[in-house]
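Read the figures in this text as sums done on the coordinates, not as results from a lab. No experiment lies behind these values; they were computed from the predicted model shown.
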Amino acid sequence: MFLLDKEVPVTEKILVIFFFIIGSVGMMMCVSGVGLFGYQLYVYLHDGFWMPVSTIDGFLSTLNWFSPISESTFKLWLIKPNIWIGVHKVLTFIPMSIFLFIFPLMLFILFVLVFP
């Protein structure tokens with residue numbers, strides 16, 4: 001195996017593990033985006049209305065799931081922004097399903113360009 005080979009430098013092994021973890025998280029995000037879109041489509045076909053989920057809604061539900069009690073600065077900014085208003089408007093406009101699908105692809109392209 002590559003990771004057990006003693007001739008391969010440790011730094012290269014660490015990079016391989018790092019890229020594997022980042023790639024796995026990115027793949028899970030892509031699958032989540034497709035799953036969220038599929039669920040929205042199911043609700044639309046079943047009930048006749050589209051359930052919009054913005055990126056802000058997705059971030060808030062994720063933060064509430066991980067820490068429902070704490071009030072972080074990012075969470076407070078998502079609820080009522082006082083700076084970076086334009087970024088908040090853009091995140092409100094972008095659907096979460098598209099964000100979950102496009103963001104990992106952008107990271108993948110960035111990693112391919114930085115680490116050929």
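Close amide-amide hydrogen proximity is noted between Ser54 and Met96, each under 5 Å apart and 5 or more residues distant or on a separate chain (H modeled in the peptide plane; Pro and chain starts excluded). What's the center-to-center distance, using Cα atoms, between region 77-116 and region 1-47 in Å? Each part's Cα centre sits 17 Å from the other's. Compactness of region 28-116 was expressed as the Cα radius of gyration divided by 2.2 N^0.38 Å, which yields 1.26. What is the diffusion coefficient of region 54-94 in µm²/s, taking the Kirkwood radius over Cα pairs and the Stokes-Einstein relation at 25 °C with a viscosity of 0.890 mPa s? For the chosen part, D equals 236 µm²/s.
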